[in-house]
Structure formats: C-alpha cells, structure tokens
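Have a look at the structure below before the remarks.
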Amino acid sequence: MTARRALVLKNGNVSQIPAGDVLTLPASTTAAASLNVPHGTAPTSPTDGDFWATAAGAFIRINGVTKGPFGAGAAVTVSTSAPSSPAAGDLWWKSDEGRLKVYYTDSDSSQWVDANPTVPGPQGEVGGQGPAPWIAPAAWVTATAYTATAPASAVSQGGSSYACLISHTSGTFATDLAAGKWGLIASKGDTGASGATGLFGSQLSATPTQSDTGLSTLVGTGAASADTAAGQRITSTSAGMAAKSAAPATPYTVTALLAGNAGANALGFTDGTKYQFVYANPSPSGYGILNVQANPTLNTFNSTTATFSSGFNARLIWLRISDDGTNVAFAASADGVNFTTVTSFAKSGGYLGGSGYSSIFVGSPGGSGAQDVTIMSWAIA
C-alpha cells in the first residue's frame, strides 16, 4: 500500500505536494486565517500526523498517541460550591476553606481532589499535667470568699456539688446560683431503697404515749408519768410505784418492752390493793432473775410464785401477761419474738383469789430509792 501524501488545492484542483517541497501559507489577517480546520469529531483510528479539531480544541496524532486539546486552558472557578459540568484539569478555589482543588479523571471515575493535600505532621510531646479544675467540695457557707481561679472553689449544697464560675463573696446560695456564680458538677442521687426492718423494728409498736397505753392512774410516792421520745416514762421518788388502767375484756394478751433505769421492771394484774406480776430484777452486774411475785403492797413482797432464769439484761426486757378467761400466764423475751412462759395458773387459785383483778399495771415494785421505767413498746391483742 502506497504511503499517503499531503494534498493541496491549487488552481481549484487537489494535488499532492511534491516530495521535498514546503507548503507555505500566507500570514493571517484580521479578515481571515491562513488555515481553517472546521470542528468535527475525533477520527476513530487516527494515523500519526493526523490533525483535527472538535469543540473541545485541536488535536494531533504523534507516535501513536493523540495529543490535545491544544489552546484550551483549564477553567478556574472561585466559589464555595463545586462548579457544574467540569472538565478534566479544571481548577476550583474553594473560598470558604482556602483550598485549591483540581478535577481529576482516573480509569473509572472523576472527582475533585486537593491540589495540595494536607499531610499530618508527627505527634507532639505530651504536655505536663495542668492544675486541678477545682478543690474538693466542702459545705457551702454564707459570707465566704469563693474563687473561680483554678483550682476553683467547690461546695456541696442540698446533696449536690457545685464549682465556682465567678469569684464572689457568698450571700444566699439560691441567689448566687441563679446569678451564674455556681456550676453544677454532680447532682444529688436518688434515694436508695429502704433497708430490711431490724429485729426490734419488726416487733416494736409506734412509740407509746400515756394515751396509747391508758396507764394513767399512778400509785407510789412522787409517782409521775411523762411522754418522751422513747415512750411513756413512769417515775417515783421512792420504792414501789405503778401506773395502771382498767383491764381489757378477756381473752387478751399484753406485750410490753420495758427499759428500767432503777429498780425492777414489772408487768402484771392488780385489784387495787394486791398485785401479781412478772418482773426482771437486775443483779449488781446488770443482769437479773425473772420472778412472778404476789405482793400485798407494791413495796412489800408476800410470796414468789416462780423463779425462771438468770443471765439476761434486766434493764431492757420484753414482758407479757395474758388472760384467757380461766387462766393467767406470765412470759418474758430478750428479743420480742421468742417468749418463754415463766408460769401460768388458774385465776381462781391465784394470789388475787376468785374475785380476780380489775386492772393491769406497769411499774417497779419493791427495792429502795427512786424508781424509773419507760414503756418503749405496747400492744394489746
């Protein structure tokens, strides 16, 4: 196949330029260019030396590679948003970031990429520890100078902790807080669940008063009754005293927790003259013996019905009496749960006789000197 030679239009005819000749075109003028290559489309299989023009620019085939477009500079856009319909090589100055980007086309996609990507530098050395932000919280106090300079003052108030934000001398906490002088750093936590009821707590009645017990009739020299935070307190200035009330209808059981500061603690029955009761009599060591006594008077013993045990704290003792209509019983307990009967017998054969009794009482019979008993729990069932 003969190699192609360039063609020329001469005197209206197309011919080839002879080998060795040079094609010289006249200089362009303002009226016309020396050479006009209309815009078209790129040849599918261009040959080395081919030259053509498209709307994108001028192209030439050199050594098997198409070069171009020539004469078309990259478009440069300054904007905060990417330009539309970019071409490969276009530049975009993203003005809100101060970054230059180039529109890059690779084998399967096109995208804007940083013209000068930021490369992180090496990590710097760890700095020294700064000052503590605030001191350990202490209770807030009025008329006190607090500082916001680190370490700032910190206070506790109402279960929450606060750090000082504005240095000031305290006035009213709520006012200072509303003025932005304090910042919350730890809120008061929720109230926890209630713990299990203790042994005595499960047995104790509400703190008894004289109105609760009904024990308002006093017997004994200087006898007195007063309601205290611990319960009804019964006192006297000499040995033998009691506080009594009308007996409940049978059957019934009376349970009382008695605390004695002097003498014995007693719970029992009386007809107004004679007494029968269970009592804890302390020894010099503070422990004592449980007895059921029959007394013609509160300070003169007549007989002992039963002696139960020793080795318990006679100063704080649970005592119990009961009457089922036929028999009476006397019991005691160290914990208010486990009661042991000291003795029981038929009312008709008891010290008070067939006529029985009319009242129940709490007191401190016998002994000498001032007496003092507090009823800390009281229940009639």
Quiz item: Rounded to the nearest 0.05, what FRET efficiency is calculated for Asp372 and Ala138 with R0 set to 51 Å and r the Cβ-Cβ distance?
Solution: 0.70
Practice problem: Enter the Cα centre distance for the pair the range 322-356 and the range 147-179, rounded to the nearest angstrom. | Solution: 66 Å
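Would you kindly state how much longer the chain becomes between Ala148 and Val37 on full extension, computed as 0.36 nm times their sequence separation minus their alpha carbon distance, in nm to one decimal?
31.9 nm
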Quiz item: Given 0.36 nm per residue, what is the gain on full extension from Thr209 to Ile166 after removing their alpha carbon distance, in nm?
Solution: 10.1 nm
Quiz item: For the residue pair Ala381 and Ala229, what label-to-label distance in nm results when each label sits 7 Å from Cα along the Cα-to-beta-carbon direction?
Solution: 3.0 nm
Quiz item: Which order results if Glu125, Glu97 are arranged by neighbouring Cβ count within 10 Å, fewest first?
Solution: Glu125, Glu97
Quiz item: Lys244: which aspartates and glutamates have alpha carbons under 16 Å from its alpha carbon, excluding same-chain residues fewer than 8 sequence positions away?
Solution: Asp212, Asp227, Asp271, Asp372
Exercise. Please give the FRET efficiency for Ser194 paired with Asn261, using the beta carbon to beta carbon distance and R0 = 30 Å, rounded to the nearest 0.05.
Key: 0.40
Exercise. Output the peptides 248-257, 227-236 sorted from most to least packed, where packing is the average of other Cβ atoms within 10 Å over each peptide's residues.
Key: 227-236, 248-257
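Every number in this text was worked out from the coordinates using simple rules, so none of it is lab data. Keep in mind the model is a prediction, meaning the values are calculated, not measured. As a convention, Cβ positions derive from the backbone with ideal geometry for all residues, glycine included, and neighbour counts pool all protein chains shown.
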